[in-house]
Amino acid sequence: MIELENPDHKSGFFIFSRRQTAIYHLADPGGTAYLGGMKKIGVLTSGGDAPGMNAGIRSVVRTAISQGAEVVGIIGGYSGILEKRFQDMNLRSVANIIQRGGTILKTGRSLEFMKPEFRKQAAENLQAAGIEGLVCIGGDGSFRGAHALWQEHQIPVTGIPGTIDNDIFGTENTIGFDTAVNTALECIDKIRDTAASHDRLFIVEVMGRNCGLIASHVGLAGGAELIFAPDLVITVDQAVERIKAGMNKGKTSSILVAAEGQKPGRAYDLAEQIRKKTGLDAKVCILGHIQRGGTPTANDRILASQLGAAAVDGLLKGERDVMFGMQGNQIVKVPFETATTQVKSTPKEYLNLANILAN
Ligand code: F6P
């Protein structure tokens, strides 16, 4: 049995000890000790797909079955509940998926589910199918939906953070972030070859929506000359100053990393302004959806495996309306409301260090 340790009411997290992550795998195989009456649960993926979601699904399905519960896979995220796209899962349904990117359950951003009348319909569909609780793997929009389902219809939901953006408060990393950073980094390393060969300036735009975490990590790891994050503004004049200073020190090529911010494609505006002020032929490369695909890294698979198990264990023990995340190698439980209303900021120290090291 997992007990709460160190309830930290100020931060809104509850912290489990690392030791307890191992207990999930030993828990009462085939028994019903923790079921609390729940016999059948559903699992869905929602929002943008992220590498490691499949490892999360695998963990949810196998943990639940090991604890005596049946599992239904919901196809296509919240729309799948409305369309009753329910699929019984067994141990073999999740075989050979731990290494696959994307999500075998498909995903989507359901506009209908944002409306109360459709959530009512969803709750009725779940009840009619005997699905007593849900594990939701997704990002902030998905968790807002999960929170509403609990608040309005008392459908018990726990969640695990699956998004490349790493913009979910209360967990150091989200599932998919590490893989996306490494994918973007591989691309930047390739761009550097051509930038250096042609003595060119490149602006590489990475994803992350309103969050600068992909940009800051990729920028520091990729040796970028400058990093543009949505919450740490650098003006074009400041950028131009740095580019010129670099050239005066003998630099012949530069890589600038820009987070897409609220406006994907903003790298083109930036390039245009830099071109006008420097006369340099600034090239743009928008990495886009390539960052969402590919084989998940070991870190993402481990994170997904641990959190998937925690989310099932929590649900079966009576947890509701919470996400399970990881902080300092410990599994933490964070209310959906906290996870979706507080923001993570871009680490300024990454940008400062990148500036010094790119000298
Ligand atoms: O949330 C993940 C993400 O890839 C963001 O980084 C990006 O802004 C958005 O999804 C793109 O969404 P879509 O694939 O629906 O265009």
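Every number in this text was worked out from the coordinates using simple rules, so none of it is lab data. Note that the structure is a prediction, hence the values are computed from the model and not measured. Positions of Cβ are generated from backbone atoms using ideal geometry, with glycine treated the same way; all protein chains shown enter the neighbour counts.
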State whether the stretch 198-256 is rounded, prolate or oblate according to the following rule on the C-alpha gyration tensor (a ≥ b ≥ c being the square roots of its eigenvalues): a/c under 1.5 gives rounded; otherwise a/b larger than b/c gives prolate, and the remaining case gives oblate.
prolate
Averaging sequence separations of C-alpha pairs under 8 Å and six or more residues apart, then dividing by the length of the chain, give the relative contact order as a whole percent.
24 percent
Scalar couplings 3J(HN,Hα) for the stretch 44-61 by Karplus 6.51 cos²θ - 1.76 cosθ + 1.60 (θ = phi - 60°), nearest whole Hz, x for Gly and Pro, are 9, 10, 8, x, x, 5, 8, x, x, 4, 5, 5, x, 4, 4, 5, 4, 5
Taking placed amide H atoms and a strict 5 Å upper bound, the residues 5 or more places from V284 or on another chain that come that close are I203
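With a/c under 1.5 counting as rounded, go ahead and sort the chain into rounded, prolate or oblate using the C-alpha gyration tensor (a ≥ b ≥ c being the square roots of the eigenvalues; past the cut-off, prolate if a/b is larger than b/c, else oblate). Could you put the intermediate results ahead of the total?
Details: a/c = 2.35, a/b = 2.13, b/c = 1.10.
Prolate shape, in that a/c is at least 1.5 and a/b is the bigger ratio.
Net charge around L351, counting only other residues with Cβ within less than 14 Å of its Cβ (Lys, Arg = +1; Asp, Glu = -1)?
Details: positive: R242, K348; negative: E225, D231, E349.
Once all neighbours under 14 Å are counted, the net charge is -1.
With r as the distance between the Cβ atoms of T252 and L353 and R0 = 30 Å, compute the FRET efficiency 1/(1 + (r/R0)^6) and round to 0.05.
So the FRET efficiency works out to roughly 0.85.
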For the stretch 177-292, give me the percentage of DSSP beta bridges that are antiparallel, rounded to the nearest 5 percent.
5 percent
Separation in nanometres of the label points that stand 7 Å from Cα toward Cβ, at Q327 and K120:
3.8 nm
Antiparallel DSSP beta bridges within the stretch 42-201, percent to nearest 5:
25 percent
Students often get this wrong, so check it: of K120/K344; K251/K283; K40/K120, which have C-alpha atoms separated by over 25 Å?
K120/K344
Which residues does a label at L111 reach in the stretch 210-227, if reach means a backbone N under 17 Å from a point 7 Å past the Cα toward the Cβ?
none
On C-alpha positions alone, give me the angle between the axis of helix 236-248 and the longest principal axis of the chain, in degrees, nearest 10.
60 degrees
Using θ = phi - 60° and the Karplus relation 6.51 cos²θ - 1.76 cosθ + 1.60, list the HN-Hα couplings for the stretch 251-266 in order, rounded to whole Hz, with x at every Gly or Pro.
6, 10, 9, 9, 10, 10, 10, 10, 6, 5, x, 7, 10, x, x, 5
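Just to be sure I understand: of the beta bridges DSSP finds with both ends in the chain, what percent are antiparallel, rounded to 5? Show your work: numbers first, answer last.
Working: 15 of 45 bridges.
Approximately 35 percent, going by the DSSP bridge assignments.
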So what does the Cα-only Debye profile of the stretch 177-292 read at q = 0.11 Å⁻¹, as log10 I(q)/I(0), no solvent term?
-0.30
Amide H neighbours of I175 under 5 Å, at least 5 residues apart or on other chains, H built in the peptide plane: list them.
G162, T163
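Between Q127 and D193, what is 0.36 nm times their sequence separation minus the Cα-Cα distance? Round to one decimal in nm.
Values: separation 66, 0.36 × 66 = 23.76 nm, distance 5.66 nm.
So the extension gain works out to 18.1 nm.
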At what distance in nm do the modelled label points of K276 and E152 sit from each other, each positioned 7 Å from its Cα along Cα→Cβ?
4.6 nm
Roughly how many Å is it from the Cα centre of the stretch 278-305 to that of the stretch 123-184, as a whole number?
22 Å
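So if a site counts as exposed when it's one of the trypsin sites (Lys or Arg not before Pro), its DSSP state isn't H, G, I, E or B, and it has at most 10 other Cβ atoms within 10 Å, what's the longest stretch of the chain without one? Could the numbers behind the result be given before it?
On the way: sites that count: K10, K249.
The segment 11-248 is the longest one with no such site.
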